[in-house]
1. Within region 58-85, can you find the residues that are part of a helix (DSSP H, G or I) and either touching a residue at least 60 places away in the same chain (Cβ under 8 Å) or within 10 Å of residue 47 (Cα to Cα) (or both)?
2. Residues being at pLDDT below 95 and farther than 24 Å from residue 95 by Cβ: count how many of those fall in region 48-75.
3. Examine region 40-47 for a residue that is modelled with pLDDT under 50, assigned to a helix (DSSP H, G or I) and out of contact with any strand residue (DSSP E or B) (no Cβ under 6 Å at 6 or more places or on another chain), and state whether such a residue exists.
């Protein structure tokens with residue numbers, strides 16, 4: 001997918017420069033925290049990329065692992081929620097059965113825009 005070469009650096013940078021793990025608000029509830037939504041977007045991107053590029057396409061899974069390392073390095077409920085969100089995003093795209101080609105590229109653009117929006121939301125939240 002040609003689009004991934006352009007989206008990858010920008011989205012990876014946005015994802016990995018999000019809020020540090022210590023910045024998670026106390027008592028933040030489930031899917032209301034943008035990092036959890038971002039994990040879901042990464043799962044969706046992983047499925048589309050994996051389905052169209054093959055088993056070797058692990059970029060978004062690796063990005064998720066890096067996100068986990070930064071946001072939830074130890075086992076616990078928050079880490080589990082991030083993993084569940086990633087897996088839920090993957091499964092949602094799997095059910096959607098996006099076709100490779102123009103449809104997948106359009107889906108990737110949509111997901112990348114959502115990821116950038118969430119990353120910007122996180123950036124603004126923690127700069128204030």
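The values are calculated or read from the model by the stated rules, or taken from the named source; none is laboratory data. All of these numbers come straight from a predicted model, not from anything done at the bench. Backbone-built Cβ (ideal geometry, glycine too); neighbour counts: all protein chains shown.
1. First pass over region 58-85, keeping only residues part of a helix (DSSP H, G or I): 59-71, 77-85.
Passing the criteria: 60, 61.
2. So the answer is 6.
3. Scanning region 40-47, I find no residue that is modelled with pLDDT under 50, assigned to a helix (DSSP H, G or I) and out of contact with any strand residue (DSSP E or B) (no Cβ under 6 Å at 6 or more places or on another chain), so the answer is no.
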